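Chemist: One structure coming up, written as structure tokens, with questions to follow.
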Amino acid sequence: MLSLLHISDLHFGPPYLSDVGEALLQIAPQLSVDVIVASGDFTQRAKPEQFEQARDFLNRLPALPLIKVPGNHDIPLYRLKERIFTPYELYQQYIHPELDWVLRHDRAVFVALNTTAPLQKVTEGMIRPWQLDFCADAFRDAPADVLKIVVAHHHFAPAPDYESDVVVHRWRDALDRFTSLGVDMILGGHLHRAYVGNSLDLYPSNDRTSGIVIVQSGTTTSRRGRAREREKNSFNLIRIGDDAVRITHYMFFHDAGGFVPVSRHIFPRRSRQWFEDHTSP
């Protein structure tokens with residue numbers, strides 16, 4: 001069993017909700033997870049004091065492997081000189097020195113990808129061909145029973161609601177490559193509301209046997225929730241066994257005094273190939 005706590009879009013700065021942040025810090029040790037994933041937008045405007053607050057918050061989480069990727073709000077938007085010449089300087093100083101990197105766990109290989117684009121596609125983000133090669137190199141020698149998980153800030157699937165979302169640039173190329181590499185799961189944020197589904201819901205790709213589980217977190221600690229999670233906060237608890245992936249979606253409610261589970265999603269493990277044709281000859 002591999003257990004993950006998936007948070008996103010903390011947005012330290014004016015949108016940050018301190019009471020919600022404290023509620024997350026209270027529940028996190030109770031979840032008994034192996035790895036924490038924080039999928040970007042640690043700050044609202046990429047200011048030094050916001051990064052410092054985000055770093056201090058992350059340091060208060062359980063002392064576990066922590067996957068981090070930058071979000072579009074983690075690069076200066078209005079400070080043009082910084083955005084052009086040193087867009088990641090503060091992120092790398094306070095959050096993580098690498099932008100694209102690999103974490104190898106006993107049960108999984110995590111590839112963290114930087115989908116931000118400081119000079120173009122600022123909001124929707126993009127995936128570059130070399131990053132797909134980077135994934136291929138990271139996953140190449142992974143044993144068959146080890147999970148292959150991609151973490152990025154921007155989303156590869158739109159949430160099924162009334163708001164229009166532009167998915168990350170070159171998403172079809174990415175899903176085709178991820179499918180060929182046997183990627184089990186993609187984790188992300190950016191939408192400010194959760195989405196849990198399968199890549200086949202969006203795009204048939206070149207392998208229709210099982211698809212890739214896509215898990216996007218809402219904003220975990222800010223007042224910037226959107227659509228069905230407007231003025232709400234959420235995170236995902238992911239437990240992956242030998243046969244199935246179980247994802248529990250948590251939301252914060254003042255009446256409950258913290259985060260509580262509100263929905264559960266179950267998918268077969270990709271390695272089981274349960275969607276193949278098993279008809280008798």
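Every read-out reported here was derived from the displayed coordinates using simple, explicitly stated rules and does not represent laboratory data. Predicted model, so just to flag it, every value in this text is computed and none were measured. Glycine also receives a Cβ, built like all others from the backbone with ideal geometry; neighbour counts cover every protein chain displayed.
Chemist: When the helices in the chain are scored as -39500 (n - 2.57) per DSSP H run of 4 or longer and the sum is shared across all residues, what 222 nm value do you end up with, to the nearest 500 deg cm²/dmol?
Modeler: Theoretical 222 nm ellipticity from helices: -5500 deg cm²/dmol.
Chemist: Roughly how tilted is helix 18-27, in degrees to the nearest 10 and between 0 and 90, from the longest Cα axis of the chain?
Modeler: For helix 18-27, the angle is close to 40 degrees.
Chemist: Exposed loop sites here are GluC sites (Glu not before Pro) in DSSP loop states with at most 10 other C-beta atoms within 10 Å. What is the longest stretch of the chain lacking them?
Modeler: 1-230
Chemist: If we count other beta carbons within 10 Å of each Cβ, what is the order of Thr221, Thr209, fewest first?
Modeler: The order, fewest Cβ neighbours first, is Thr209, Thr221.
Chemist: What trypsin sites (Lys or Arg not before Pro) does segment 1-63 have in DSSP loop regions with at most 13 other beta carbons within 10 Å?
Modeler: Arg60
Chemist: A further question on this structure: Angle, helix 48-59 long axis vs. longest principal axis of the chain, Cα atoms, 0 to 90°, nearest 10?
Modeler: Rounded to the nearest ten degrees, it is 50.
Chemist: If each residue's Cβ is checked for other Cβ atoms within 10 Å, how do His154, His249, His254, His190 rank with the fewest at the top?
Modeler: His254, His249, His190, His154
Chemist: Could you tell me how many degrees, from 0 to 90 and to the nearest 10, lie between the Cα long axis of helix 129-139 and the main elongation axis, the longest principal axis, of the Cα atoms of the chain?
Modeler: On a 0 to 90 degree scale, this one is about 60.
Chemist: Which entries of Lys121/Lys148; Lys47/Lys68; Lys81/Lys232; Lys68/Lys121; Lys148/Lys232; Lys47/Lys232 have Cα-Cα distances beyond 23 Å here?
Modeler: Lys121/Lys148; Lys81/Lys232; Lys148/Lys232; Lys47/Lys232
Chemist: Still on this structure, please answer the following. Roughly what would the spin-label model give for His105 and Ser164, points 7 Å off Cα along C-beta, in nm?
Modeler: Distance between label points: 3.8 nm.
Chemist: Same structure again: Once Lys and Arg get +1 and Asp and Glu get -1 on their Cβ, which of Val260, Phe134, His154 lies farthest toward the positive end of the dipole of the chain?
Modeler: Of the candidates, His154 comes out farthest on the positive side.
Chemist: Just how large is the dipole of the chain about the Cα centre, in debye to the nearest 20, putting +1 at every Lys and Arg Cβ and -1 at every Asp and Glu Cβ?
Modeler: Result for the chain is approximately 360 debye, rounded to the nearest 20.
Chemist: Using Cβ counts within 10 Å as a stand-in for footprinting exposure, how do Thr179, Thr115 rank, fewest first?
Modeler: Thr179, Thr115
Chemist: Dipole of segment 12-155, Cα-centred, from +1 at each Lys and Arg C-beta and -1 at each Asp and Glu C-beta, to the nearest 20 debye?
Modeler: Here segment 12-155 has a charge dipole of around 320 debye.
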